[in-house]
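Here is the structure we will look at.
The values are calculated or read from the model by the stated rules, or taken from the named source; none is laboratory data. Keep in mind that this is a model prediction, so the values were computed, not measured. No Cβ is skipped: glycine too gets one built from the backbone with ideal geometry, and neighbour counts run over all protein chains shown.
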Amino acid sequence: MDNFLQQLPGFVDEIKTLKEVIITNIVLIGQTPAPTFKEKRRSKIFMERLAEFQVDEVTTDGYRNPIGIIRGTDASKPPIMVLAHLDTFYEKDLAVNYVIKEDTITGAGILDNSLGVGVVTSLPAIFKKLDIRFESDIILAGTIQSIGKGNLRGVRHLLKTWPTPIRGGICIEGIELGRLNYYSDGMIRGEIWCSISEERSMLDEYTPNAIIILNEVINQIMSLKMPQRPRSRIVVGKISGGANHGKIAHEGYIGFEIRSDSYRMVKKIFGDIKDIVEGLSHEYEVDLNLRTISNLRASRLKYTHPLVKNSAVVLETLGIKPFSKSTESALSIFLSNKIPAVTLGITHGVDHYKEKATMEIEPMFKGIAQVIGVIKAIDSGVCDEQQLA
Amino acid sequence: MNNNWLEKNTFHYSDFKDLGRLVAEKTRKNLKISLCLPTLNEEKTIAKEIIILKSELMTRYALLDEIVVVDSGSTDRTTEIARAYGADVYNAAEILPHLEQFKGKGENLWKALYITQGDIIVYLDADIKNIHHRFAYGLLGPLLMYDEIKFVKAFYDRPISIGKNKMRPTGGGRVTELVIRPLFSLFFPELTQLIQPLSGEYAGYREVFERIPFPIGYGVETSMNMDIYTKWGLDVIAQVDLDRRIHRNQDTKALGRMAFAILKTFINRKVRLGLIDLRDELFDEMIQYNLVNNQYQPELFKIEEHERPPIIEIPEYREKFKIEPDFIQKLQEA
């Protein structure tokens, strides 16, 4: 591994010689819309590109996650999985046309996660260019149904049904270069819908207003006591409702997320919110419904786990300063399946969730080199004898 | 009328998606292929075109030998961006600079013949938002795989029926359907089989392009179709369905000016071929009206359709491509 680390900075310029190929993959994939549950077209392109780069096998799992496999040199070693989620926040009918300038690429979904998917599909060409072989099979996956209501179903299914043990995993996200995620909080995302029948407003002079009721829900949620240990928090991140400035709102909803180091605490807080919702529903005689959108159990690698330590060394060797925080990505599914894994970011960018999301091109080459370094670390055995926390 | 042409010489880009086969055919025939992108303020799309075509048809498959940008004097960052991504960038005014200077797409295409090396030249507009390498290999397919085909035009997804139970999208844009197709129907019915005669994407052998004149502006596609047809016949032409193309939409007045230039080119061609007589010269101003403060005011656009001669008639060209000095004389005698 030490010899490999010495070579690693030199890989950056080698990878740069494939600049056009990598950007082409990012653009061809990124310009194909893939809202959650409608990833079929992007999935097809993902497989086409891998087939064109002549990976040993291109297929889908039983849930239609597209997969490419590069065979390793030692059949006795379990595979290493490298994945990026295929789905984007944008609707299918949004015409996505990326604009490339000298240093940047701009367009909807480029950072989340067209860049990540484009990099995964470019890895076969990059391995070939660098003349790198691994002992393990490398599984390149584009997972479907990750975001929002997708609730990471694609990766859950992929890992649950994979027929062999998995040596280690790397989740690729577009940004931020330097992120080294190795733990995820417990989390539940939910929505609270308030609905008042229009009939009632015609009969009742004091018709309740959905927005006012949701406001009361928020007030009561905010008055819940959040413990310091385990660290816990609630974020109300979405709100929508009403039809007109001068009309009583008949419908509205809020979206929220509960996070904690402890999944038990997440469930307890969710139970408190459920009590609030039921109480107000009864008090105001309105339909107030609580729905769970997605959930994750808290899971983590120890900071001293060799995968985390070696990944940090890889980043530092490339002059990238690692930083870490909790992530709600596919990482948590790896960890909850007792598979050591980390999440890495590829480059820097701005306007993450906007139509004009913009990525920087130049740092991407270091970002790709770090992925190769971490794959090599797993291939050299850093995950083989360690138990997860 | 050659009714079989549409069936026989119409292809789909996917017929040629085996790029290895195209490269093998190119190698066997010992051909060089140049891609030319004429530009004027295309900073939003030029990089994407260069990157994708270079990645897929130069780095991964050696189908293209060079990518050349010929620019009409962009005031944005088109030329800097094109250079940054490795294209050979030329300012049209600096190619054959001793000749009278004109500005226009046709001028760039004509001058590209002087600076490119290829036996085959692919011309693609530089404003294609959904650029894909099929735009180039789709056009090259018939040229490489069928010896009799010398010029290939693109068309896109607009339905028309071809034979039994075959449906294809119809027609081209508004100018095609309202101007070109009626004219072709009146004078060159065989050419109506070109589904999008004004498409800006085409490829052909140098020996064809160097022997036809190039109007410097909008008329270049119209004249190219007519000249190749009258000189070599319909069977040297093919057309390829390139699926979808997304580009800038133009307003009706801009299309009116385009139609003016095309009509002028067409009529001049007819006169030259001896098919019609004109008693007077055609005017060279397009007059359009705008409602300003409740009054209609004319807006005049001078649209001179200058025309470059076949580039083979230019001595510098013959010298560069080692064509015998008395070639023209021999050609005329022949």
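List of remarks:
- Within segment B:286-298, the set of residues being surrounded by 13 or more Cβ atoms within 10 Å (Cβ to Cβ) and either of a type outside the set (A, V, I, L, M, F, W, C) or over 27 Å from the mean Cα position of the chain (by Cα) (or both) comprises B:288 only.
- Of the residues making up segment A:87-111, those that are within 23 Å of residue A:331 (Cβ to Cβ), away from chain B (no Cβ under 14 Å) and touching a strand residue (DSSP E or B) at 6+ places or on another chain (Cβ under 6 Å) are A:109, A:111.
- Restricting A:148, A:169, A:154 to those that are within 16 Å of the chain's Cα centre (by Cα), at pLDDT below 90 and within 30 Å of residue A:26 (Cα to Cα) reduces the list to A:148.
- Checking residue B:5 against (1) closer than 22 Å to residue B:209 by Cα; (2) modelled with pLDDT of 95 or more; (3) over 18 Å from the mean Cα position of the chain (by Cα), the condition it does not meet: (2)
- Residue in segment B:232-250 that is closer than 24 Å to residue B:302 by Cβ and out of contact with any Pro (no Cβ under 9 Å at 6 or more places or on another chain) present: yes
- Qualifying residue in segment A:76-86 (condition: more than 14 Å from chain B (Cβ to nearest Cβ), in contact with a Pro (Cβ under 8 Å, 6 or more places away or on another chain) and buried (at least 22 other Cβ atoms within 10 Å of the Cβ)): yes
- Test: residue in segment A:272-283 that is surrounded by fewer than 15 Cβ atoms within 10 Å (Cβ to Cβ) and either under 20 Å from residue A:115 (Cα atoms) or under 21 Å from the mean Cα position of the chain (by Cα) (or both): no
Residues checked against (1) in a loop (DSSP other than H, G, I, E, B); (2) crowded, with 18+ Cβ neighbours inside 10 Å; (3) out of contact with any strand residue (DSSP E or B) (no Cβ under 6 Å at 6 or more places or on another chain):
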residue: A:292; (1), (2), (3): no, no, no
residue: A:295; (1), (2), (3): no, yes, no
residue: A:320; (1), (2), (3): yes, yes, yes
residue: A:325; (1), (2), (3): yes, no, yes
residue: A:328; (1), (2), (3): yes, yes, no
residue: A:353; (1), (2), (3): yes, no, yes
residue: A:366; (1), (2), (3): no, yes, yes
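- Selection status of residue A:46, more than 19 Å from residue A:127 (Cβ to Cβ) and either charged (D, E, K, R) or touching a Gly at 6+ places or on another chain (Cβ under 7 Å) (or both): no
- Which listed residue is closer than 30 Å to residue A:313 by Cα and either outside the structural domain of residue A:337 (by TED's automatic domain parsing) or touching a Cys at 6+ places or on another chain (Cβ under 8 Å) (or both), from A:233, A:264, A:259: A:259
- Single match in B:195, B:212 (criterion: buried (at least 24 other Cβ atoms within 10 Å of the Cβ) and in a loop (DSSP other than H, G, I, E, B)): B:195
- Applying the condition of being touching a residue at least 60 places away in the same chain (Cβ under 8 Å), under 26 Å from residue A:106 (Cβ atoms) and among the basic types (Lys, Arg) to segment A:24-74 and asking which residue is nearest to the other protein chains (Cβ to nearest Cβ) yields A:49.
- Evaluating residue A:304 against the criteria (1) part of a loop (DSSP other than H, G, I, E, B); (2) touching a residue at least 40 places away in the same chain (Cβ under 8 Å); (3) under 29 Å from residue A:375 (Cα atoms) leaves one unmet condition, (2).
- Taking the conditions (1) within 25 Å of residue A:147 (Cα to Cα); (2) part of a loop (DSSP other than H, G, I, E, B) in turn, residue A:362 satisfies each one other than (1).
- Of the set (1) crowded, with 19+ Cβ neighbours inside 10 Å; (2) within 23 Å of residue A:152 (Cα to Cα); (3) not assigned by TED's automatic domain parsing to the domain that holds residue A:213, all apply to residue A:269 but (3).
- Among residues that are within 13 Å of chain A (Cβ to nearest Cβ) and in a loop (DSSP other than H, G, I, E, B), residue B:131 is included.
- Of the set (1) touching a helix residue (DSSP H, G or I) at 6+ places or on another chain (Cβ under 9 Å); (2) part of a helix (DSSP H, G or I); (3) farther than 26 Å from residue A:316 by Cα; (4) among the hydrophobic types (A, V, I, L, M, F, W, C), all apply to residue A:211 but (1).
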